[in-house]
Structures are given as C-alpha cells and as structure tokens.
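There's a structure below that I have some questions on.
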Amino acid sequence: AFTDIYSNLVGYLADSSTTTPSPGTAPPDLTQNPLSLRTGVVLDNVPLGSSFGKVLTQPSASYAKGKQVSVRFQGASPRNNLRLQDTFLTIERQNGSSWTVYRTDSHPSTKFNWKRTNGVLGYSEVTITWDIESDAPSGTYRVVYNGDYKNGWTGKISSFVGQSSTFTIA
C-alpha cells in the first residue's frame with residue numbers, strides 16, 4: 001500500500017514538475033482530546049488524629065534575611081485543583097491587625113513540593129520553602145497553604161487552608 005502511494009508521488013519530486021499532489025484527507029485534530037497516561041486522583045486521606053492543612057513542621061521563631069523558611073503540612077494532591085488563577089501558597093506579612101500577601105507560588109523565591117507519603121492510604125505532605133530576599137521588609141510573617149482534597153467515598157473535592165505560626169524577619 002505504501003509502495004503504491006509513494007510510486008504515485010515520485011513524479012512530483014522531479015525538477016521539471018510544475019504541479020503538486022492533492023493534499024488528501026486531513027488527519028483528525030486530537031488536540032482537544034489529549035491522551036494521558038497519568039491516572040486521576042483516587043483519594044486523599046490523613047493519618048488518624050491529623051487533618052488536611054495541619055502544620056507538621058512549624059517555622060522557627062525568627063530568621064535573618066538571606067535564610068530559608070521551611071514549613072511542612074499534611075497535604076493533598078495538587079491535581080485536585082490546579083489553581084491556574086489562584087495560588088497554592090502565600091507568604092503573608094502582618095500589617096497592624098491584618099495580613100497582606102507578600103509572595104505567592106509565582107515568585108521565584110518560593111517553592112511548593114508535594115509528596116505522596118502513602119499511596120495505598122492516600123497520605124500526602126507538602127513542604128513550602130521561601131528564600132528570604134535581602135531586601136525583604138522586616139516584620140512578622142506566616143506561611144499559608146491552600147489545598148483541595150478528594151473524598152474517596154463520594155469523589156467530592158473540598159478546599160482547605162493550612163496556616164503556620166508567625167515568625168519574624170529582622
């Protein structure tokens with residue numbers, strides 16, 4: 001079959017050819033239905049006595065500029081909600097009695113790391129790190145994790161928030 005098709009096309013390769021072959025039937029457009037070999041999230045779960053967003057490792061009480069803050073949370077798969085118009089993390093700075101967002105996951109000084117710690121039971125942990133810039137304002141900060149977990153029984157996806165204790169930057 002291929003030999004027959006190519007034999008018919010050879011004449012179009014000649015230097016003296018002034019015509020082009022017919023385009024034939026266009027292949028189907030599969031861009032709207034991509035093939036994915038990655039399985040979906042089956043469920044997210046937490047160990048007994050824990051909860052989604054619970055802080056497993058709190059930050060130190062204070063940091064110098066140029067150091068790294070690291071906070072570990074009980075988490076869930078980030079594939080439950082990709083947060084394309086939102087953020088998985090915020091670094092918030094205290095202004096009087098309110099908090100303002102100082103950094104998000106879109107800033108290069110922050111990192112969001114998700115790890116499935118038990119595939120059978122659906123446990124996960126999220127570690128958020130922030131490399132404190134040398135020009136960061138001194139003050140009181142906290143790390144906030146925004147996540148979504150999938151209930152294994154109902155398939156419902158629900159949001160949660162985890163929040164670290166405060167720390168200061170001098």
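The values are calculated or read from the model by the stated rules, or taken from the named source; none is laboratory data. From a predicted model like this one, the values you see are computed outputs, not experimental measurements. Note: ideal-geometry Cβ built from the backbone for every residue, glycine included; neighbour counts use all protein chains shown. In case anyone asks, the SASA skips ligands and DNA or RNA and just uses the protein heavy atoms, side chains included. Shrake-Rupley method; radii C 1.70, N 1.55, O 1.52, S 1.80 Å.
Tally time: how many residues in the stretch 81-116 are within 15 Å of the chain's Cα centre (by Cα), outside any loop (DSSP other than H, G, I, E, B) and either at pLDDT below 95 or of a type in the set (Lys, Arg) (or both)?
Total meeting the criteria: 3.
Is one or more of the residues making up the stretch 19-27 closer than 30 Å to THR117 by Cβ, surrounded by 11 or more Cβ atoms within 10 Å (Cβ to Cβ) and without any contact (Cβ under 8 Å) to a residue 60 or more places away in the chain?
no
Considering only residues that are open to solvent by less than 100 Å² (accessible area, probe 1.4 Å) and closer than 30 Å to ARG72 by Cβ, which ones fall in the stretch 28-45?
Of everything in the stretch 28-45, those that are open to solvent by less than 100 Å² (accessible area, probe 1.4 Å) and closer than 30 Å to ARG72 by Cβ turn out to be SER36, GLY40, VAL41, LEU43, ASP44, ASN45.
Okay, moving on. Please go through the stretch 130-165 and give me each residue that is hydroxyl-bearing (Ser, Thr, Tyr) and open to solvent by less than 20 Å² (accessible area, probe 1.4 Å), ordered by number.
TYR141, TYR145, SER164
Then there is this: Looking at the stretch 57-75 only, could you name the residues that are open to solvent by 60 Å² or more (accessible area, probe 1.4 Å) and assigned to a strand (DSSP E or B)?
Across the stretch 57-75, the qualifying residues are SER62, GLN68, ARG72.
Select from the stretch 141-165 the residues that are in contact with a Lys or Arg (Cβ under 7 Å, 6 or more places away or on another chain) and within 14 Å of TYR102 (Cα to Cα) and list them in ascending order.
TYR141
Here is a further query. Let me confirm something: among LEU48, LEU9, which residue is exposed (fewer than 11 other Cβ atoms within 10 Å of the Cβ), in contact with a Pro (Cβ under 8 Å, 6 or more places away or on another chain) and either modelled with pLDDT of 95 or more or part of a helix (DSSP H, G or I) (or both)?
When all the criteria are applied, what remains is LEU9.
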